[in-house]
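Note sheet for the following structure.
None of the figures in this text is laboratory data; all of them are computed from the coordinates on show. This one's a predicted model, so the numbers in the text were calculated from it and none came from an experiment. Glycine gets a Cβ as well: all are built from the backbone with ideal geometry, and neighbour counts include every protein chain shown.
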Amino acid sequence: MTRLVTLLRTACRREIAGAALKVSLVVGVVLNLVNQGGALLDNGPIDWARGLLNFLVPYCVSSYSAALDATRRCRENTR
């Protein structure tokens, strides 16, 4: 199995995906308030694509870093 496939499978594990979802919810809300706070408070137009990215990017970063750490620990344990 290639390293990328192993990393993706690890990132999709329930405990990693769940933790990444929690991180993305907290960070996504904060980023939306920072990036679109004016529009939200003034009832202006909301950029839905930017709003989605504010949740998607923290999810990807969190799941990637957790999966990378898990695969490194697994490799170290098999040595």
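Points worth noting:
- Segment 1-44: number of residues that are small (Gly, Ala, Ser) and over 12 Å from residue 63 (Cβ atoms): 5
- Segment 15-52, subset charged (D, E, K, R) and more than 12 Å from residue 66 (Cα to Cα), residue nearest to the chain's Cα centre (by Cα): 22
- Test: residue 51 is surrounded by 13 or more Cβ atoms within 10 Å (Cβ to Cβ), without any contact (Cβ under 8 Å) to a residue 24 or more places away in the chain and either in contact with a Phe, Trp or Tyr (Cβ under 6 Å, 6 or more places away or on another chain) or in a helix (DSSP H, G or I) (or both): yes
- So residue 56, is it closer than 22 Å to residue 15 by Cα and part of a helix (DSSP H, G or I): yes
- Here residue 44 qualifies as exposed (fewer than 11 other Cβ atoms within 10 Å of the Cβ), free of Cβ contacts under 8 Å to residues at least 24 places away in the same chain and not in a helix (DSSP H, G or I).
- Qualifying residues in segment 8-31 (those that are among the small types (Gly, Ala, Ser) and more than 23 Å from residue 74 (Cβ to Cβ)) - the one surrounded by the fewest Cβ atoms within 10 Å (Cβ to Cβ): 28
- Unique match (being under 24 Å from residue 74 (Cβ atoms) and exposed (fewer than 12 other Cβ atoms within 10 Å of the Cβ)) among 5, 34: 5
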